[in-house]
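Worksheet: one structure, shown below.
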Amino acid sequence: MLELIGGKATVDQLARRYGVKPETVEGWRQDALEGLEAALRRGTGRTGRELELEKENRELRGAVTDLSIEKAILKRELDKCRPPSVPARSRR
């Protein structure tokens, strides 16, 4: 059936290969296309576990972003409190 959908075989070729009428192959194609459409309507076809992991991934990325921003703010404020550094003298 994938050969038919992919354009690598005709209805007649598949009908001969499987020993069925061309109408039967057309029915299979229609069923396959309807199944694909139904899967797309349900979403991406991902499993519940995949969706759960994607949600967790988004939450963790958000947490890392928040922590990175917080670190940058704290570093900036800390730098304001430090006295300016004195350049080291050359030993020449």
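The values are calculated or read from the model by the stated rules, or taken from the named source; none is laboratory data. Because the structure is predicted, anything quoted here is derived from the model rather than measured. A quick note on method: Cβ atoms are made from the backbone with ideal geometry, for glycine too, and the neighbour counts reach across all protein chains shown.
Remark: pairs (first residue in the stretch 43-56, modelled with pLDDT under 85; second residue assigned to a helix (DSSP H, G or I) and surrounded by 10 or more Cβ atoms within 10 Å (Cβ to Cβ); Cβ separation under 6 Å; 6+ apart in sequence or on different chains) = GLY45/ALA39. Among the numbered conditions (1) surrounded by 10 or more Cβ atoms within 10 Å (Cβ to Cβ); (2) within 30 Å of MET1 (Cα to Cα), tell me where GLY48 comes up short. The failed condition is (1).
Conditions (1) surrounded by 12 or more Cβ atoms within 10 Å (Cβ to Cβ); (2) not acidic (Asp, Glu), marked per residue:
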position: LEU4; (1), (2): yes, yes
position: VAL11; (1), (2): yes, yes
position: GLU34; (1), (2): no, no
position: ALA38; (1), (2): no, yes
position: ALA63; (1), (2): no, yes
position: ASP66; (1), (2): no, no
